[in-house]
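A quick write-up on the structure given underneath.
Every number in this text was worked out from the coordinates using simple rules, so none of it is lab data. No experiment lies behind these values; they were computed from the predicted model shown. Methodologically, a virtual Cβ is constructed for each residue, glycine included, from the backbone with ideal geometry; neighbour enumeration extends over all protein chains shown.
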């Protein structure tokens, strides 16, 4: 099998995850990196022995050696970079979220339809060992009909500032940043039903809580105290098949400890996939909690990310269709856009 020649657009903090995972894949050759800050791109190129450095991704995409790219940039650039890469004949792995809103998602979909290249979105939680195992269990019918799910990531002090808290670049706060992870995982495990309606709220009460003393938290490379995104979002999402999903996510909240979880409920059993995989079922009129004996039964970002990168590389080389392609991205952006619209208008959004 020949090596896939990869380029990275964006040399910020998340690029390290992409670079490291690609470097560990024996079927990959990292050949190009692009960043607006040339010094930052040069530093990554030196570390990973990358021969081509660019500050203009259009110029990078003209490189005939290049097979595929990872888009690891601000959310407001995902659409334009992805479309330019597809039109230049490159496979694309785009970090989540796909883009800023549903309208942009449809533009990216149009680009995929005029290209024969693979397009995948970085929904890393789908590739965790625990999620893969649970998906197999659900597909086997063990849990029966999945009719309800809960998805939650609540941070008490978790606004990274910088571009994350600048709506013009991020598109929003915890909902579009971390919420998309658990919403997508729940929706994927539920069988990817079509959205029917959304009722939601967003709150901007606490800001980035930069006044809090003695507690450290992740800060963006361009950290600044300015903040115009939501602190908290919650939503009830109804689907055409009658199932529903309850969501709440926050960057800032008066809560004792950070919390996260994805829970799935079926008519024959249920499951928790985060923080640890637990299967709940009945046998001989007894309710049983089962703890599957698998590697990484709790979510491991490094393991899941490596699996995601390996899957993308394999799809590009073999022609297989990726898990988390454009249609999933369009539906997810439809949901996220509806949540923000419902919160703004203070009414339920119903799709015909």
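Pop the C-beta distance of residue 37 and residue 295 into the FRET formula with R0 = 30 Å and round what comes out to the nearest 0.05.
Calculated transfer efficiency: 0.20.
If you wrap segment 246-286's Cα atoms in a convex hull and average its projection over all directions, what's the area in nm²?
Result: a mean projected hull area of 4.2 nm².
With the Cα gyration tensor of segment 170-209 giving a ≥ b ≥ c as the square roots of its eigenvalues, does the rule (a/c under 1.5 for rounded; else a/b larger than b/c for prolate; else oblate) give rounded, prolate or oblate?
Numbers: a/c = 3.13, a/b = 1.90, b/c = 1.65.
Prolate shape, in that a/c is at least 1.5 and a/b is the bigger ratio.
Semi-axes of segment 1-68's equivalent ellipsoid from the Cα gyration tensor, sqrt of 5 times each eigenvalue, largest first, rounded to whole Å?
In descending order, the three semi-axes are 18, 15, 9 Å.
Starting from the exponent 0.38 and prefactor 2.2 Å, build the expected Rg for segment 18-130 from its residue count and divide its actual Cα Rg by it.
Details: Rg = 14.1 Å, N = 113, 2.2 N^0.38 = 13.3 Å.
The reported ratio for this selection is 1.07.
Just report the Cα centroid separation between segment 37-100 and segment 188-264, whole Å.
Segment 37-100 and segment 188-264 have Cα centres spaced 29 Å from each other.
Using Cα atoms only, what is the angle between the long axis of helix 38-48 and the major principal axis of the chain, expressed in degrees (0 to 90) to the nearest 10?
That helix lies at roughly 80 degrees to the long axis.
Could you work out the helix-only [θ] at 222 nm for the chain, with each DSSP H run of four or more residues adding -39,500 (n - 2.57) and the total divided by the number of residues, to the nearest 500 deg cm²/dmol? Walk me through the numbers before you get to the answer.
Values: 10 runs with 111 residues, N = 352.
For the chain, the value works out to -9500 deg cm²/dmol.
Which of the peptides 332-340, 302-310 is most tightly packed, and how do the rest follow, judged by the mean count of other Cβ atoms within 10 Å per residue?
In decreasing order of mean packing, 332-340, 302-310 become 332-340, 302-310.
Can you pull the three principal axis extents for the Cα set of segment 252-348, in Å, largest first?
47, 43, 31
Quickly rank 257-267, 120-130, 97-107 as a protection proxy: mean count of other C-beta atoms within 10 Å, highest first.
120-130, 97-107, 257-267
Taking only the alpha-carbon positions of segment 81-164 and ignoring solvent, what does the Debye formula give for the base-10 log of I(q)/I(0) at q = 0.18 Å⁻¹?
Calculated log10 I(q)/I(0) at the listed q: -0.99.
Cα-based Rg of the chain per 2.2 N^0.38 Å, rounded to two decimals?
Values: Rg = 20.3 Å, N = 352, 2.2 N^0.38 = 20.4 Å.
With N residues counted in the chain, Rg over 2.2 N^0.38 Å equals 0.99.
Over 22 Å apart: what share of the alpha carbon pairs of segment 94-235 falls there, rounded to a whole percent?
Numbers: 5091 of 10011 pairs.
Here the tail beyond 22 Å accounts for 51 percent of pairs.
Run the Debye formula on the Cα coordinates of segment 166-287, all scatterers equal and no solvent, and tell me log10 I(q)/I(0) at q = 0.20 1/Å.
-1.20
Once the principal axes of the Cα atoms of segment 281-338 are found, what is the range along each, listed largest first in whole angstroms?
46, 33, 21
So how do 197-205, 30-38, 87-95 stack up, highest first, on mean other-Cβ count within 10 Å?
Put in order of decreasing packing, that is 87-95, 30-38, 197-205.
At a temperature of 4 °C and a viscosity of 1.567 mPa s, determine how fast segment 33-78 diffuses translationally according to Stokes-Einstein, using the Kirkwood radius over alpha-carbon pairs as Rh; express D in µm²/s, rounded to the nearest whole number.
Estimated via Stokes-Einstein, D reaches 115 µm²/s.
If the chain between residue 14 and residue 254 were fully stretched, how many nm would it gain, using 0.36 nm times the residue separation less the Cα-Cα distance?
83.6 nm
Please determine, in degrees from 0 to 90 and to the nearest 10, the orientation of helix 129-139 with respect to the longest principal axis defined by the Cα atoms of the chain, where the helix direction is its Cα long axis.
Helix 129-139 sits at roughly 50 degrees to that axis.
Taking a cut-off of 15 Å, what percent of all Cα-Cα pairs in segment 67-121 are separated by more than that?
Looking at segment 67-121, the distances longer than 15 Å represent 34 percent of pairs.
Quick check: residue separation of residue 215 and residue 147 times 0.36 nm, minus the Cα distance between them. What number comes out in nm? Each step should come with its number before you reach the end.
Working: separation 68, 0.36 × 68 = 24.48 nm, distance 3.95 nm.
Extra length from residue 215 to residue 147 when fully extended: 20.5 nm.
Taking Cα atoms, how many degrees apart are the long axis of helix 102-113 and the longest axis of the chain, rounded to 10 and kept between 0 and 90?
60
Note down the nm distance, to one decimal, between modelled labels 7 Å out along Cα→Cβ at residue 224 and at residue 246.
Taking the two extended label points, one gets 3.9 nm.
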